[in-house]
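Colleague: Dropping the structure in here first, questions after.
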Amino acid sequence: MEILKKQYKNIILVSIYTIVAIAVYTIWAHSVWGLWYVDLIVGFAILAIGVVVGYFYIKSELKKESISEVKVETVADSPLNDANESNVEEKNSIENQQ
């Protein structure tokens, strides 16, 4: 459920691309062969491809997001950041004294 909350935009995007691809390719298959069962096979094949591509796309987006969260936490927890914060506090106290 958490994935739906974080990645709802990407899920909607993948769903729309898959629906459009199914419509285009089934219409094309119908105009070429004119057989309903070929249209059905093409539709299911495009659906399967869309699900697989969407899964890997969303998985990569989650990986990017987790890497960026780790970087943010690392930067926030670094000793250099603590030293910079103390320098800023010292400068502010000096400015307030003047």
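Colleague: Out of the range 1-14, which residues are surrounded by 13 or more Cβ atoms within 10 Å (Cβ to Cβ) and assigned to a loop (DSSP other than H, G, I, E, B)?
Modeller: 7
Colleague: Please enumerate the residues belonging to the range 15-36 that are assigned to a helix (DSSP H, G or I), over 15 Å from the mean Cα position of the chain (by Cα) and of a type in the set (Gly, Ala, Ser).
Modeller: Of the range 15-36, the ones assigned to a helix (DSSP H, G or I) are 15-32, 36.
In the following step, the residues that additionally are over 15 Å from the mean Cα position of the chain (by Cα) were identified as 18-32, 36.
Across the range 15-36, the qualifying residues are 21, 23, 29, 31.
Colleague: Of everything in the range 1-16, what is among the hydrophobic types (A, V, I, L, M, F, W, C) and free of Cβ contacts under 8 Å to residues at least 40 places away in the same chain? Give them in sequence order. First the steps, then the outcome.
Modeller: From the range 1-16, those among the hydrophobic types (A, V, I, L, M, F, W, C) are 1, 3-4, 11-14, 16; that's our starting set.
Within the range 1-16, 1, 4, 12, 13, 16 meet the criteria.
Colleague: Residues that are out of contact with any Ser or Thr (no Cβ under 9 Å at 6 or more places or on another chain), open to solvent by 50 Å² or more (accessible area, probe 1.4 Å), of a type in the set (A, V, I, L, M) and in a helix (DSSP H, G or I): does the range 37-44 have at least one?
Modeller: yes
Colleague: Hey, another quick one. Can you tell me how many residues in the range 15-36 are closer than 21 Å to residue 52 by Cα, open to solvent by less than 90 Å² (accessible area, probe 1.4 Å) and in contact with a helix residue (DSSP H, G or I) (Cβ under 6 Å, 6 or more places away or on another chain)?
Modeller: The number of residues fulfilling the criteria is 4.
The values are calculated or read from the model by the stated rules, or taken from the named source; none is laboratory data. Not measured: the values here are computed from a predicted model. As a convention, Cβ positions derive from the backbone with ideal geometry for all residues, glycine included, and neighbour counts pool all protein chains shown. Protein only, heavy atoms only, side chains kept; ligands, DNA and RNA dropped before computing areas. Shrake-Rupley method; radii C 1.70, N 1.55, O 1.52, S 1.80 Å.
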